[in-house]
1. Could you please tell me which pairs satisfy a Cβ distance under 6 Å, a separation of 6+ or placement on different chains, a first residue in the range 198-213 that is within 24 Å of residue 49 (Cβ to Cβ) and among the β-branched types (Val, Ile, Thr), and a second residue that is open to solvent by less than 60 Å² (accessible area, probe 1.4 Å) and not in a helix (DSSP H, G or I)?
2. Tally time: how many residues in the range 137-152 are in contact with a Pro (Cβ under 8 Å, 6 or more places away or on another chain) and open to solvent by 10 Å² or more (accessible area, probe 1.4 Å)?
3. Please count how many residues of the range 144-182 are under 15 Å from the mean Cα position of the chain (by Cα) and closer than 16 Å to residue 322 by Cα.
4. So which residues in the range 301-312 are away from ligand 2 (no atom under 16 Å from the Cβ) and under 15 Å from residue 10 (Cα atoms), if there are any at all?
5. Can you work out which of the residues in the range 18-48 that are modelled with pLDDT under 95 and under 23 Å from residue 86 (Cβ atoms) is most open to solvent (accessible area, probe 1.4 Å)?
6. Within 14 Å of ligand 2 (Cβ to nearest atom) and surrounded by fewer than 22 Cβ atoms within 10 Å (Cβ to Cβ): is that true of residue 208 in this structure?
7. Could you check the range 266-297 and list, in sequence order, the residues that are part of a helix (DSSP H, G or I), open to solvent by 30 Å² or more (accessible area, probe 1.4 Å), within 29 Å of residue 16 (Cβ to Cβ) and more than 16 Å from ligand 1 (Cβ to nearest atom)?
8. Could you grab me the full set of residues in the range 213-233 that are crowded, with 20+ Cβ neighbours inside 10 Å, among the aliphatic types (A, V, I, L, M) and either part of a helix (DSSP H, G or I) or within 16 Å of ligand 2 (Cβ to nearest atom) (or both)?
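The values are calculated or read from the model by the stated rules, or taken from the named source; none is laboratory data. Not measured: the values here are computed from a predicted model. So basically every Cβ, Gly included, is an ideal-geometry build from the backbone, and we count neighbours across all protein chains shown. Side chains included, ligands, DNA and RNA excluded: accessible areas come from the protein's heavy atoms. Shrake-Rupley method; radii C 1.70, N 1.55, O 1.52, S 1.80 Å.
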Amino acid sequence: MDTEMLTAAFNDVQEKGFLDVDIDPTLDLFAEIEKLKKEKNAIILAHLYQEPDIQDIADYIGDSLGLAQKAAQTDADMIVFAGVHFMAETAKILNPSKKVVIPDLKAGCSLSESCPPPLFKKFREQHPDHIVISYINCSAGIKALTDVICTSSNAKAIVDSFPKDQKIIFAPDKNLGGWINRTTGRDMLLWNGACMVHEIFSLEKITRLKVRHPQAKLIAHPECEEPVLRIADFIGSTTQLLAYVKKSEEKEFIVATEAGIIHQMVKQAPGKTFIPAPPDNSCACNDCPHMKRNTLEKVYLCMKYEQPEVLMEESLRIQAKKSLDRMLEISEKAGLI
Ligand code: 13P
Ligand code: SF4
């Protein structure tokens, strides 16, 4: 590629979200990425919803809590974050001296976007006697307006760390918040946000599937809506769902979360059957369009050219870090990390 084209691609990266540069199709991307890891002392952190090739080349695969912890602890010079933007942003907040790159800057999150900081600030001001617990699927702006962050792995423990009579605002996921309210007997005030992927599952189709597969266990992420959670045999974060299918004596599972996790389930629990829970439309896919913006090609390019990079204002980073540090402290005390 000539210098002029490369400069144009660099100028476009914010607009397009990724470096739009042609790659020689005969290149062995797996080998090239391994080489770049060594050359640049880089670590690839990947979420369980990433495409199989990315999971296979990653140094660590996990849920939001595991990824945040790894990002905070790594001594690599460059963190390649194969996930969505709020996850890469969290890595930068926790470990600011590292260069954090993301394959596609536009890999967003419908849940995070459902909670704009200016609106949330007003909401918070209307309830001055409440503390704020926010799910990690939110922007740095929301983290800065939050007392403690939680993930789906530690949400109950975080909420339980406050006295029963403490008034709490829970943002942005009404489904996760509602599930915690039901299981802890709390009455947290819920922000009205939701995930587009976990809201799409059809209760009727899942019920029909359960009739056809009576032995199958329904496992669900807490971002699913209440009717699906009510009939689930097990509810947990992505890592907890994975641990459950590995440990379980059962052989068949209906999986109500993003379909990317099934790659790891098949690898780590061989011989078992995983049926993606059906959505309420005719498309048979439960893929998160944001997570799936990342591709192996984009991973290679962001490592090679160290773009797009995740950056933020230092004052925002410092304010957002407080709620994340508090989460890590409580999780450590509770023996969750
Ligand atoms: P986990 O923390 O359970 O991996 O959830 C992340 C997520 O985005 C679920 O949609
Ligand atoms: Fe966000 Fe939902 Fe995608 Fe998770 S699956 S990243 S919550 S849109």
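1. Filtered contacts from the range 198-213: 200/279; 206/277.
2. Start the filter on the range 137-152 by keeping residues that are in contact with a Pro (Cβ under 8 Å, 6 or more places away or on another chain), which leaves 137-139, 141-142, 144-145, 152.
Retained after the next criterion (residues that are open to solvent by 10 Å² or more (accessible area, probe 1.4 Å)): 137, 139, 141, 144-145, 152.
Matching residues across the range 137-152 total 6.
3. Looking only at the range 144-182, we keep the residues that are under 15 Å from the mean Cα position of the chain (by Cα), and these are 149-155, 172-173, 176.
Next, only the ones that are closer than 16 Å to residue 322 by Cα stay: 149-151.
So the count comes out to 3.
4. Pass one, the range 301-312, residues away from ligand 2 (no atom under 16 Å from the Cβ): 301-309, 311-312.
Within the range 301-312, 301, 302, 303, 304, 305, 306, 307, 308, 309 qualify.
5. First pass over the range 18-48, keeping only residues modelled with pLDDT under 95: 18-25.
Add one more test, that the residue is under 23 Å from residue 86 (Cβ atoms), and what stays is 18-19.
Working: 18: 46, 19: 6 Å².
Only one residue tops the list, namely 18.
6. Values: within 14 Å of ligand 2 (Cβ to nearest atom): no; surrounded by fewer than 22 Cβ atoms within 10 Å (Cβ to Cβ): yes.
Spelling it out, it is not the case that residue 208 is within 14 Å of ligand 2 (Cβ to nearest atom) and surrounded by fewer than 22 Cβ atoms within 10 Å (Cβ to Cβ).
7. In the first step, residues of the range 266-297 are kept if they are part of a helix (DSSP H, G or I); the result is 266-268, 291-293, 296-297.
Adding the requirement that they be open to solvent by 30 Å² or more (accessible area, probe 1.4 Å) leaves 266-268, 292-293, 297.
When the remaining residues are screened for being within 29 Å of residue 16 (Cβ to Cβ), the result is 292-293, 297.
If the condition is that a residue be part of a helix (DSSP H, G or I), open to solvent by 30 Å² or more (accessible area, probe 1.4 Å), within 29 Å of residue 16 (Cβ to Cβ) and more than 16 Å from ligand 1 (Cβ to nearest atom), then 297 is the only one that fits.
8. The answer is 219, 220, 228, 229.
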